[in-house]
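Remarks on the structure that follows.
The values are calculated or read from the model by the stated rules, or taken from the named source; none is laboratory data. These figures come from a predicted structure and were not determined experimentally. Note: ideal-geometry Cβ built from the backbone for every residue, glycine included; neighbour counts use all protein chains shown. Each accessible area value is taken on the protein alone, full model and side chains, heavy atoms only, with ligands, DNA and RNA left out. Shrake-Rupley method; radii C 1.70, N 1.55, O 1.52, S 1.80 Å.
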Amino acid sequence: RKVADFAQTYVRCRAVVRANAGISLAEHAPPGSVYAMVDAGLIPYNAGGTALDTIALNDPRIQETGALSWTDRAAVVMADRPDFILLASDSGEADDARYAIDQAVVNHPDFAAFYRPEAHIRTDDCMYHLPIYRRIEGGSP
(Lines give C-alpha, C1' and ligand atoms only; values in the text may rest on other atoms or scores of the structure.)
Protein backbone atom coordinates (compact mmCIF):
# COMPACT_ATOMS: atom_id res chain seq x y z
CA ARG A 1 0.00 0.00 0.00
CA LYS A 2 2.82 2.40 0.86
CA VAL A 3 4.43 1.89 -2.56
CA ALA A 4 1.07 2.31 -4.36
CA ASP A 5 0.37 5.54 -2.45
CA PHE A 6 3.82 6.89 -3.35
CA ALA A 7 3.27 5.98 -7.03
CA GLN A 8 -0.05 7.84 -7.13
CA THR A 9 1.43 10.95 -5.52
CA TYR A 10 4.45 10.80 -7.85
CA VAL A 11 2.27 10.62 -10.97
CA ARG A 12 -0.31 13.15 -9.76
CA CYS A 13 2.20 15.84 -8.78
CA ARG A 14 4.04 15.58 -12.11
CA ALA A 15 0.78 15.67 -14.05
CA VAL A 16 -0.28 18.91 -12.34
CA VAL A 17 3.08 20.57 -13.01
CA ARG A 18 3.06 19.41 -16.65
CA ALA A 19 -0.52 20.57 -17.20
CA ASN A 20 0.30 23.97 -15.69
CA ALA A 21 3.40 24.30 -17.88
CA GLY A 22 1.28 23.66 -20.96
CA ILE A 23 -1.29 26.21 -19.84
CA SER A 24 1.46 28.77 -19.18
CA LEU A 25 2.86 28.27 -22.68
CA ALA A 26 -0.62 28.53 -24.20
CA GLU A 27 -1.20 31.82 -22.38
CA HIS A 28 2.22 33.44 -22.88
CA ALA A 29 3.93 31.95 -25.93
CA PRO A 30 3.34 33.69 -29.26
CA PRO A 31 1.38 31.68 -31.84
CA GLY A 32 3.58 29.27 -33.75
CA SER A 33 6.11 28.94 -30.92
CA VAL A 34 8.32 25.88 -30.78
CA TYR A 35 9.27 24.46 -27.41
CA ALA A 36 11.63 21.64 -26.48
CA MET A 37 11.40 19.29 -23.51
CA VAL A 38 11.72 15.72 -22.31
CA ASP A 39 8.14 15.33 -21.09
CA ALA A 40 6.45 15.77 -24.44
CA GLY A 41 2.99 14.33 -23.73
CA LEU A 42 0.68 16.36 -21.49
CA ILE A 43 2.46 19.67 -22.07
CA PRO A 44 1.79 19.86 -25.85
CA TYR A 45 -1.80 18.79 -25.28
CA ASN A 46 -2.37 21.93 -23.21
CA ALA A 47 0.08 24.26 -24.93
CA GLY A 48 -0.63 23.74 -28.60
CA GLY A 49 2.19 24.97 -30.82
CA THR A 50 5.02 22.68 -31.85
CA ALA A 51 6.78 20.43 -29.36
CA LEU A 52 10.28 19.05 -29.85
CA ASP A 53 11.06 15.87 -27.93
CA THR A 54 14.62 16.39 -26.71
CA ILE A 55 15.19 12.66 -26.25
CA ALA A 56 14.11 12.20 -29.91
CA LEU A 57 11.87 9.20 -29.38
CA ASN A 58 9.17 11.04 -31.34
CA ASP A 59 11.56 12.67 -33.81
CA PRO A 60 11.70 11.05 -37.26
CA ARG A 61 15.34 12.12 -37.58
CA ILE A 62 16.23 9.29 -35.20
CA GLN A 63 15.78 7.03 -38.23
CA GLU A 64 18.72 8.83 -39.85
CA THR A 65 20.91 9.63 -36.85
CA GLY A 66 20.41 6.52 -34.77
CA ALA A 67 21.43 6.77 -31.15
CA LEU A 68 23.47 9.86 -30.29
CA SER A 69 25.42 10.78 -27.20
CA TRP A 70 23.59 13.28 -25.01
CA THR A 71 26.09 15.96 -26.06
CA ASP A 72 25.44 15.30 -29.75
CA ARG A 73 21.68 15.16 -29.15
CA ALA A 74 21.85 18.50 -27.32
CA ALA A 75 23.60 19.98 -30.35
CA VAL A 76 20.70 18.80 -32.54
CA VAL A 77 18.18 20.36 -30.13
CA MET A 78 20.06 23.65 -30.03
CA ALA A 79 20.44 23.70 -33.83
CA ASP A 80 16.62 23.60 -34.01
CA ARG A 81 16.62 26.89 -32.04
CA PRO A 82 13.38 26.31 -30.13
CA ASP A 83 11.63 29.41 -28.84
CA PHE A 84 11.33 27.84 -25.38
CA ILE A 85 13.17 25.09 -23.50
CA LEU A 86 11.63 23.34 -20.50
CA LEU A 87 13.99 21.56 -18.14
CA ALA A 88 12.76 18.98 -15.65
CA SER A 89 14.46 19.77 -12.37
CA ASP A 90 14.35 18.91 -8.70
CA SER A 91 14.70 22.56 -7.68
CA GLY A 92 13.97 24.77 -10.67
CA GLU A 93 17.64 25.59 -11.22
CA ALA A 94 19.11 24.82 -14.65
CA ASP A 95 22.17 23.20 -13.10
CA ASP A 96 19.88 20.84 -11.20
CA ALA A 97 18.38 19.31 -14.35
CA ARG A 98 16.89 15.90 -13.72
CA TYR A 99 17.68 14.17 -17.03
CA ALA A 100 20.99 13.66 -18.83
CA ILE A 101 19.69 15.32 -22.02
CA ASP A 102 18.59 18.38 -20.05
CA GLN A 103 22.03 18.58 -18.45
CA ALA A 104 23.63 18.36 -21.90
CA VAL A 105 21.34 21.14 -23.20
CA VAL A 106 22.29 23.36 -20.24
CA ASN A 107 25.98 22.63 -20.89
CA HIS A 108 25.70 23.54 -24.58
CA PRO A 109 27.19 27.04 -25.10
CA ASP A 110 24.08 28.30 -26.93
CA PHE A 111 21.92 27.75 -23.85
CA ALA A 112 23.77 30.35 -21.76
CA ALA A 113 24.18 32.64 -24.74
CA PHE A 114 20.60 32.69 -26.03
CA TYR A 115 18.14 31.54 -23.33
CA ARG A 116 16.81 33.36 -20.29
CA PRO A 117 14.40 32.26 -17.53
CA GLU A 118 10.76 32.89 -18.45
CA ALA A 119 8.74 31.01 -15.82
CA HIS A 120 9.13 28.44 -13.08
CA ILE A 121 6.27 25.94 -12.97
CA ARG A 122 5.87 23.98 -9.74
CA THR A 123 3.50 23.15 -6.93
CA ASP A 124 4.17 23.45 -3.21
CA ASP A 125 3.82 19.72 -2.54
CA CYS A 126 5.93 18.36 -5.39
CA MET A 127 9.68 18.13 -5.92
CA TYR A 128 9.17 18.20 -9.70
CA HIS A 129 9.87 21.59 -11.27
CA LEU A 130 9.68 22.76 -14.88
CA PRO A 131 11.62 25.98 -15.40
CA ILE A 132 10.86 27.49 -18.80
CA TYR A 133 13.57 29.36 -20.70
CA ARG A 134 12.83 31.70 -23.61
CA ARG A 135 15.14 32.32 -26.53
CA ILE A 136 16.15 35.98 -26.43
CA GLU A 137 15.45 38.33 -29.32
CA GLY A 138 18.14 38.22 -31.94
CA GLY A 139 19.33 35.01 -30.37
CA SER A 140 20.75 33.07 -33.25
CA PRO A 141 24.21 31.59 -33.44
task: Above 18 angstrom, tally the Cα pairs of the chain and express them as a % of all pairs, no decimals.
output: 54 percent
Max mean-square fluctuation residue, GNM over the chain, Cα-Cα springs under 10 Å, options Val11, Val76, Val38: Val11
query: Which ³J(HN,Hα) values, rounded to whole Hz and listed in residue order, are derived for region 48-62 from phi using the Karplus coefficients 6.51, -1.76 and 1.60 in 6.51 cos²θ - 1.76 cosθ + 1.60 with θ = phi - 60°, glycine and proline given as x?
result: x, x, 10, 9, 10, 7, 5, 6, 5, 5, 10, 10, x, 5, 4
message: Counting heavy atoms of the protein chains only and a 1.4 Å probe, report the per residue accessible area for region 69-141 as a whole number of Å².
response: 49 Å²
- prompt: Top to bottom by accessible area (1.4 Å), largest first, where do Asp95, Asp110 land?
  reply: Asp95, Asp110
message: 5 Å is the cut-off here: which amide hydrogens, built 1.01 Å from N in the peptide plane, fall below it relative to Ile132, excluding neighbours closer than 5 in sequence?
response: Glu118, Ala119, His120, Ile121
Within the accessible area of the chain (1.4 Å probe), percent carbon and sulfur: 54 percent
- line: The helix 70-79 Cα axis meets the longest alpha-carbon principal axis of the chain at an angle in degrees, between 0 and 90 and rounded to 10, of 60 degrees
- prompt: Amide H neighbours of Leu52 under 5 Å, counting only residues 5+ apart in sequence or on other chains, H built in-plane at 1.01 Å?
  reply: Tyr35, Ala36, Met37
query: Within region 1-56, which trypsin sites (Lys or Arg not before Pro) sit in a loop by DSSP and count at most 16 neighbouring Cβ atoms inside 10 Å?
result: Arg1
- prompt: Hey, if you put +1 on the Cβ of every Lys and Arg and -1 on every Asp and Glu Cβ in the chain, which of Thr65, Tyr128, Gln8 ends up farthest toward the positive end of that dipole?
  reply: Gln8
- line: Relative to the chain, whose Cα atoms define the longest principal axis, helix 2-28 and its Cα axis are tilted in degrees, nearest 10, by 40 degrees
- line: Given unit charges at Cβ for Lys, Arg (+) and Asp, Glu (-), the dipole magnitude of the chain about its Cα centre in debye, nearest 20, is 320 debye
- prompt: Measuring from centroid to centroid over Cα atoms, what is the spacing of region 33-78 and region 3-21 in Å?
  reply: 22 Å
